[in-house]
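The values are calculated or read from the model by the stated rules, or taken from the named source; none is laboratory data. Just so we're clear, the structure is a prediction, and the values are computed from it rather than from any experiment. Ideal geometry is used to build each Cβ from the backbone, glycine not excepted, and the neighbour counts take in all protein chains shown.
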Amino acid sequence: MKKAYAVTVLRMLVGWHFLYEGLFKLVQPGGWSAEGYLRTSQWFAAPVFHAIAATPWLLKTVDLMNMWGLTLIGLALIIGVLVRPAAVAGLTLLLFYYVAQPPFLSPSADGHFLWFDRNVVEAAAMLALMLVPSYSLSSYLAALPRKAFKRKLAKEKADQEQTPVASPERRELLLSLSSLPVLGVFAYAFFRKHGPVWERKNLEAKADAVTSATVKSFEFSDIKDLKKPLDKYGQIGNLKLSRMFLGGNLIGGWAHARDLIYVDKLVKAYHSDWRVFRTFHMAEQCGMNAILCNPQLGRVINDYWKNEGGKIQFISDCGHKDGPMEGIRRSLEGGAHSCYIQGEISDRYVRDGKFKELEESLAFIRKQGLPAGLGAHRLETVKGCVEHGIIPDYWVKTIHRTDYWSARPEGPRHDNIWCENPEEAAAFMEKLEQPWIGFKVLAAGAIQPQVGFPFAFKSGADFICVGMYDFQLVDNVNLVNTVLDGKIDRKRPWRA
């Protein structure tokens, strides 16, 4: 009796976890995929898992089997129907998980477990559910004929002896139905936590109607609206880069929102990990293959590579409070494909005459076998480096028009104007033979893309780095394709 109680509780706990994992995957915006999990497999069956990840129809099948398998196994265990078949299916799934990512080769985000991780513990629980009976609806229903026969024999014996018959069936029925309140609690907890997922999907859909004079409907340009992926690329060192790629300020929460003091927090709140992953996935589908950002974002980029199977390249600005050398080390630890000295650091070092430090930083990056770049907001920074013979593999320079309404030269440059003399900058950069990445091309959101993008390419930028939300990706790519497919009146030849 006590053993059956314990196994019943164990069955519901394991079922709870399986059901949660399944439903969580089913409601993920943009869809969930095991591609990253399979691509990063390292053990003896790795070639099989890699092949599945590389075959779209097979990957889709595996994704559906995972999501619905977890969900249905969880439901069966909680409700108590087909418990043994569900336990066998669950054990099979857990075996595949263990073989794909064994803990002795792939440390879990939950910790380091040597040989035995959560999958092994739950597999042992599945074995117990297969071998030890518990109170469940299926076992109650299966036992009804046998109990009816026993009840008939007991009644005949009682009639002969004239004694009352005890009936434990009501108690057993109540125990068998105990899963229903558990299922109700689960539903309440799950939708309380993940209800906004459904709300997000509704908000992203086109509005059925507008019921207020001040409300405007918002149409989300999704991947289905992409006319074609970016197909223009250039080379920096050993890196093949799309002509436009992601900037990391918005994802990192550095919004340059001028006097709107709440925007940084709003942007950070918006960019939860799943939103960043969605943005990266969409960017790669659109043909963008890199992100330029601070080493602080190395954690989420590595999670994207490992857990989502992403291939986006990481260009680090090496910004760090302890100086560029520490920023470079952090970037290397984060798997950066290239490093450059952040514009504000370069501006400050050139202003203070620290050319030797800049030269040493570039040499250290190159020693690691990576392309080394120099960033700059001020044209004087680029000129100073050239005069002192400090030539990077590529430049990262601000370029944008200055005729937007909030461009006030008398204001603070860092949060108002980032390229004070764009015509002079374009003329000087025209003479340089190194590739040039243009950034702040929209002046932190003050310039419309249809104005900023053509201006940057016309001014000689070989690439543009643009911070953008997921709902802006498709529109921006469609626009850049139009610009690059047309005739660009640029004097500087393409240097990449």
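Based on what the data block shows, is Asn476 polar (S, T, N, Q), in contact with a Leu (Cβ under 7 Å, 6 or more places away or on another chain) and touching a residue at least 40 places away in the same chain (Cβ under 8 Å)? No: the conditions fail for Asn476. Those helices (runs of 4 or more DSSP H) of the stretch 27-88 in which at least 1 residues are modelled with pLDDT of 90 or more, touching an Asp or Glu at 6+ places or on another chain (Cβ under 8 Å) and of a type outside the set (Ser, Thr, Tyr), considering only elements entirely within it, cover 56-79.
When the stretch 1-49 is filtered for residues that are surrounded by fewer than 14 Cβ atoms within 10 Å (Cβ to Cβ), of a type in the set (Val, Ile, Thr) and either touching a Gly at 6+ places or on another chain (Cβ under 6 Å) or within 21 Å of His281 (Cβ to Cβ) (or both), nothing remains.
Could you tell me whether any residue of the stretch 358-367 is more than 33 Å from the chain's Cα centre (by Cα) and of a type in the set (Phe, Trp, Tyr)? No, the stretch 358-367 contains no residue that is more than 33 Å from the chain's Cα centre (by Cα) and of a type in the set (Phe, Trp, Tyr).
Say whether the condition of being out of contact with any strand residue (DSSP E or B) (no Cβ under 6 Å at 6 or more places or on another chain), under 26 Å from Asn481 (Cα atoms) and surrounded by fewer than 19 Cβ atoms within 10 Å (Cβ to Cβ) is met by at least one residue in the stretch 254-273. Scanning the stretch 254-273, I find no residue that is out of contact with any strand residue (DSSP E or B) (no Cβ under 6 Å at 6 or more places or on another chain), under 26 Å from Asn481 (Cα atoms) and surrounded by fewer than 19 Cβ atoms within 10 Å (Cβ to Cβ), so the answer is no. Scan the stretch 254-278 for residues that are modelled with pLDDT of 80 or more and under 22 Å from Tyr304 (Cβ atoms) and the total you get is 12. Within the stretch 418-447, residues that are farther than 18 Å from Ile291 by Cα sit with their Cβ atoms under 7 Å from residues that are assigned to a helix (DSSP H, G or I) and basic (Lys, Arg), at 6+ positions apart or across chains, in these pairs: Glu420/Arg413; Phe428/Lys383. Restricted to the stretch 273-355, the set of helices (runs of 4 or more DSSP H) holding at least 3 residues that are within 19 Å of Gly36 (Cα to Cα), touching a residue at least 12 places away in the same chain (Cβ under 8 Å) and under 12 Å from the mean Cα position of the chain (by Cα) comprises 273-285, 298-308.
Inspection of the stretch 386-396 identifies at least one residue that is in a helix (DSSP H, G or I) and either over 18 Å from His256 (Cβ atoms) or in the same structural domain as Ala290 (by TED's automatic domain parsing) (or both). Checked against (1) under 20 Å from Phe24 (Cα atoms); (2) in contact (Cβ under 8 Å) with a residue 12 or more places away in the chain; (3) β-branched (Val, Ile, Thr), Val88 passes all but a single condition, namely (1).
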